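Colleague: Handing you a structure now.
Only the coordinates and a few stated rules stand behind these numbers; no lab work does. Computed from a prediction, not measured in an experiment: that's the story for all the values here.
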Amino acid sequence: MESTTLLDSFSRKLLDELQANARLSTAELARRIGLSPTATAERLRQLEETGVIQGYSARIDPEALGLNAQAFLRISSTGPNYLRLLDYLRTLEEVRACHHLTGGDDLLLHVAVLNLAHLEALIEALLPYGSPVTSLVLSTPIERHSYSATGKLATITPKPRPTRRR
């Protein structure tokens, strides 16, 4: 089934409900979105099989695990070092996310560490691959773990582009 057919209003409501509480029973999900439990279970199966739903997980407070500091590291690495760096980063549990960027830096890493000494050791371990630039996270006033599945995302209206006169 194509994603445009799959993501009708029922599936979008289902995604919103799951993002709010992935532990709801199929019967409760069905009641909330207005489908039968059988149809809801089939929607869930299709959304999982097509990769729209990529998994279910628990959000855990990193500080509860002793990870008391977070930082973003920007790093540039060229040539064969780049692939070796990516291989190395995949082995580091401290790296929570790695984004490939445009612009002056190649990668942006989000890391969670025990303390500043742990962060310093991580930075030193990355030095053979490039020169990381570090920004400590002081607080996180906005953090989203869900997406608007019902299309209520566009809160900022883009300005129309001026037309060219010939």
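Colleague: Give the angle, between 0 and 90 degrees and rounded to the nearest 10, that separates the Cα long axis of helix 116-126 from the longest principal axis of the Cα atoms of the chain.
Modeller: So the inclination is approximately 80 degrees.
Colleague: If you don't mind, another one. On the principal axes of its Cα set, how long, how wide and how thick is the chain? Give whole Å, largest value first.
Modeller: For the chain, the Cα spread along each principal axis is 62, 57, 33 Å.
Colleague: Relative to the longest principal Cα axis of the chain, at what angle does helix 37-49 sit, 0 to 90 degrees, rounded to 10?
Modeller: 30
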